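Here is the structure we will look at.
The values are calculated or read from the model by the stated rules, or taken from the named source; none is laboratory data. All of these numbers come straight from a predicted model, not from anything done at the bench. Note that we place each Cβ from the backbone using ideal geometry, even for glycine, and neighbour counts take in every protein chain shown. Note: areas computed on protein heavy atoms with side chains; ligands, DNA, RNA excluded. Shrake-Rupley method; radii C 1.70, N 1.55, O 1.52, S 1.80 Å.
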Amino acid sequence: MICSKVIHSRENSQRNVLAAATTGFTGFLSRNGGAAERVFACVGLVEDQLTDINRPLDLSSYVRMMELAAAETGNENFGLWFGQQFKPEMLGLIGGIALASPTLGAALANVARLFPYHQQATHTAFTRQRDLLSLEYRIIDGSILERRHDAELTLGMLANIFRHCLGANWAPEAVHFEHPKPAEWRQHFHAFSAPVYFGQRTNALIFRDDRLHQRMPQGDLHRTNVLSEQLVRISGSIGTLSLLDHVKGEIRSHLPGGILYVETIADAVGLQRWTLQRRLMAYGLSFSGVIDLVRRELAERHIRQRYVTVLEMSDILGYSELSAFSRAFRRWFGVSPQKFRARLFAGDRAPN
């Protein structure tokens, strides 16, 4: 495992996650052949910080910890399988809220509404498209680039709310992930017993609406209200981000759809179009310049992932043609994506 320091801007930012999200992490890491002390040292945490499940941890450190755990154990699907064994009762207050909700539908609505208090700078939504429903999850902090394992473990956690109510054999209609298809992608199908689609706009469980009225086994409305109030009080807010990090996060989410309009992103961050453009100028950036920045940052990471093809990169970054992506890549790094990757994996020093 290579431990490199990742610096995130904290300008006007607060984004934490409650330590309950790490319940069982040390033991699972050890069972997979990893050493927790090495991972903790890399992200600046100590194990004692995880014992108080209501203690706030820096979100970027938590996400980085999961990425490093995969490298430390050599388990390419560490987050996937950590999430599959993560039961709702392990998730502290937000897990307790789900379990105490009167019905499955109420549990999902409560989780979607309150999850950003458990994990700040996060978007969760419970939405309908015809006869299908979607439970969506994504980190909206655009400075947190590598977050595949967090997404996979979180959807596993959420799937276990369904399984707690409907039985261990419950399966969604489909699963969506925003990151590229990993090398061991077939394991995702086995984990969720459903089709899995990568390179999507958000992370989501897609399911039918016919069992939302199923009673939760430990439903207790009074307890739901008490735990909800406690979570909001402990967290204090759903977090804050610098405008640039928020804009980058929304751009990343919309890239797979192709053409990006400034009005779409302005609406997502709660600003008028001209206000957004004016405030971006304070960073020395135009809207198109931020799009280019996000694409470059993601391209630089995806090119280092052997299993991500150049065509997949082009699609995820919203290019209509592979040739357009190749021209942009050459402008950023001075060589074609194929040549960059060939040099990188031949052991040569990659161009800057």
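A few notes on this one:
- The residue list Arg223, Arg252 contains one member that is under 30 Å from Asn77 (Cα atoms), basic (Lys, Arg) and out of contact with any Phe, Trp or Tyr (no Cβ under 9 Å at 6 or more places or on another chain), which is Arg252.
- Among the residues of region 314-351, none is identified as within 16 Å of Arg148 (Cβ to Cβ) and out of contact with any Leu (no Cβ under 8 Å at 6 or more places or on another chain).
- Scanning region 53-73 for residues that are farther than 17 Å from Leu93 by Cα and not aliphatic (A, V, I, L, M) turns up Asp58, Ser60, Ser61, Tyr62, Arg64, Glu67, Glu72, Thr73.
- Listed by first and then second residue, the pairs with beta-carbon distance under 6 Å, at least 6 apart or on different chains, first residue in region 183-200 and without any contact (Cβ under 8 Å) to a residue 40 or more places away in the chain and small (Gly, Ala, Ser), second open to solvent by less than 40 Å² (accessible area, probe 1.4 Å) and part of a loop (DSSP other than H, G, I, E, B), are Ser193/Ala171; Ala194/Ala171; Ala194/Pro172.
- Restricting region 139-183 to residues that are basic (Lys, Arg) and more than 26 Å from Arg15 (Cα to Cα), the residue that is surrounded by the most Cβ atoms within 10 Å (Cβ to Cβ): Lys181
- Residues that are touching a residue at least 24 places away in the same chain (Cβ under 8 Å) and assigned to a helix (DSSP H, G or I) were ranked within region 204-228; the one that is most open to solvent (accessible area, probe 1.4 Å) is Arg223.
- Test result for Asp245, in contact (Cβ under 8 Å) with a residue 40 or more places away in the chain, under 22 Å from Ile139 (Cα atoms) and in contact with a Ser or Thr (Cβ under 9 Å, 6 or more places away or on another chain): yes
- Here Asn160 does not fit the description of being in a helix (DSSP H, G or I) and more than 16 Å from Gly79 (Cβ to Cβ).
- Residues considered: Phe329, Phe340. Of these, the only one that is more than 14 Å from Gly199 (Cβ to Cβ), part of a helix (DSSP H, G or I), open to solvent by less than 60 Å² (accessible area, probe 1.4 Å) and touching a Ser or Thr at 6+ places or on another chain (Cβ under 7 Å) is Phe329.
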